[in-house]
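Peer 1: One structure, pasted below without further comment.
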Amino acid sequence: PVQVLGIACDVTERKQAEAAIYFQAHLLSTVEQAVIATNLDGEIIYWNRFAEILYGWSALEVIGQNILEVVPAETSQEQAAQIMSELQQGKSWSGEFLVRRRDGTLFPILITDSPIHDDKGVLVGIVGISIDITVRKNAIAALQESEERFRTMADTAPVMIWMAGIDQFCHYFNKGW
């Protein structure tokens with residue numbers, strides 16, 4: 001007679017936990033904004049797929065490097081150090097910032113940096129989400145230039161010119177007025 005002894009363990013909880021962790025990790029890699037995390041010393045510990053596209057460095061190339069040496073433009077180094085100092089105190093920061101790509105080109109970003117706390121509430125790092133705002137900045141500059149050309153033309157016209165809005169208030173009078 002042959003005897004067989006077997007032991008079975010229910011691994012459902014472990015499989016569900018693994019699936020949840022995989023899903024959460026996958027979420028960060030699919031966000032179409034650069035997501036970068038550092039420890040408190042500024043060492044890069046996470047760099048998502050969109051950060052690779054935006055900045056031109058692969059995650060393998062930047063993990064372990066200091067964020068202050070990789071991303072900020074030279075003209076932004078002092079500002080970046082001040083921001084990092086505030087972040088290391090557990091404060092959040094949001095604003096526009098000039099950064100550089102791997103090829104050296106500079107571009108403006110809108111960034112939001114937030115503290116990362118462990119399960120005991122201890123500050124352990126910083127996560128930043130950034131988007132390229134070059135198109136927005138160029139549109140604003142083009143609009144300002146267009147408005148300046150209009151004002152120059154209207155102010156030098158030998159006739160009276162005014163503009164009224166749909167609220168029926170006059171919003172502009174030229175010098176001839």
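The values are calculated or read from the model by the stated rules, or taken from the named source; none is laboratory data. Bear in mind the structure is a predicted one, so any value in this text is a computation, not a measurement. Please note: Cβ atoms are built from the backbone with ideal geometry, for glycine as well, and neighbour counts cover all protein chains shown. Calculation scope for accessible area: heavy atoms of the full protein, side chains included, ligands and nucleic acids excluded. Shrake-Rupley method; radii C 1.70, N 1.55, O 1.52, S 1.80 Å.
Peer 1: Provide the per residue accessible area, probe 1.4 Å, for region 1-114, rounded to a whole number of square angstrom.
Peer 2: So region 1-114 comes to 65 Å² accessible per residue, rounded to a whole number.
Peer 1: For residue 79 paired with residue 172, estimate the spin-label separation in nm (one decimal), with each label point 7 Å from Cα along the Cα-to-Cβ line.
Peer 2: 3.0 nm
Peer 1: In terms of Cα to Cα distance under 23 Å, which lysines are near enough to residue 120, apart from those fewer than 8 places away along the same chain?
Peer 2: Partners found: 91.
Peer 1: Give the angle, between 0 and 90 degrees and rounded to the nearest 10, that separates the Cα long axis of helix 134-156 from the longest principal axis of the Cα atoms of the chain.
Peer 2: Long axis of 134-156 versus the principal axis of the chain: about 10 degrees.
Peer 1: So how far apart, in nm, are the two label points at residue 61 and residue 152 if each is 7 Å from Cα heading toward Cβ?
Peer 2: Here the answer is 4.1 nm between the modelled labels.
Peer 1: Can you give me the angle between helix 77-87 and the longest principal axis of the chain, using Cα atoms only, in degrees from 0 to 90, rounded to the nearest 10?
Peer 2: Between helix and principal axis, roughly 50 degrees.
Peer 1: From Cα pairs below 8 angstrom and at least 6 apart in sequence, can you work out the relative contact order of the chain, rounded to a whole percent?
Peer 2: Taking the mean separation of contacting Cα pairs over the length of the chain, I get 15 percent.
Peer 1: Farthest toward the dipole's positive end in the chain, which of 70, 164, 135, given Cβ charges of +1 (Lys, Arg) and -1 (Asp, Glu) about the Cα centre?
Peer 2: 164
Peer 1: Oh, and also: Report, to the nearest whole %, how much of the accessible area of the chain belongs to carbon and sulfur atoms, 1.4 Å probe, protein only.
Peer 2: 58 percent
Peer 1: For residue 145 and residue 107, calculate 0.36 nm times their separation in residues minus their Cα-Cα distance, and state this gained length in nm to one decimal. Present the calculation step by step, with values, prior to reporting the outcome.
Peer 2: Details: separation 38, 0.36 × 38 = 13.68 nm, distance 2.01 nm.
Once the chain is fully extended between residue 145 and residue 107, it gains 11.7 nm.
Peer 1: Compare 28, 143, 68 in a GNM of the chain, Cα atoms joined below 10 Å, and give the one with the largest fluctuation.
Peer 2: Taking springs between Cα atoms under 10 Å, the residue moving most is 143.
Peer 1: A further question on this structure: Can you pull out the GluC sites (Glu not before Pro) in region 1-51 that DSSP calls coil and that have at most 16 other Cβ atoms within 10 Å? Please report the intermediate quantities before stating the final value.
Peer 2: Working: sites: 13, 18, 32, 43; in loops: 32.
Counting only loop positions with at most 16 other Cβ atoms within 10 Å, the GluC sites (Glu not before Pro) in region 1-51 are 32.
Peer 1: Could you pull out which residues in region 120-144 have an amide N less than 20 Å from a spot 7 Å beyond the Cα of residue 86, following the Cα-Cβ vector?
Peer 2: 123-133
Peer 1: For region 3-18, take each phi angle, set θ = phi - 60°, evaluate the Karplus expression 6.51 cos²θ - 1.76 cosθ + 1.60, and give the result in whole Hz per residue in order, putting x for glycine and proline.
Peer 2: Along region 3-18, the couplings run 10, 10, 10, x, 10, 10, 10, 7, 9, 4, 4, 4, 5, 5, 5, 4 Hz.
Peer 1: How much length, in nm to one decimal, is gained on full extension between residue 69 and residue 137, taken as 0.36 nm per residue of separation minus their Cα-Cα distance?
Peer 2: Here the answer is 22.0 nm.
Peer 1: How big is the dipole moment of the chain about its Cα centre under a simple scheme where the beta carbon of each Lys and Arg is +1, that of each Asp and Glu is -1, and everything else is neutral? Debye, nearest 20, please.
Peer 2: 380 debye
Peer 1: Below 16 Å, Cα to Cα, which lysines can residue 175 reach? Residues fewer than 8 away in the same chain don't count.
Peer 2: The reachable lysines, counting only those whose Cα sits under 16 Å from residue 175, number zero.
Peer 1: Rank 119, 113 by accessible area, highest first, at a 1.4 Å probe radius?
Peer 2: Working: 119 145, 113 15 Å².
Highest to lowest solvent-accessible surface, that is 119, 113.
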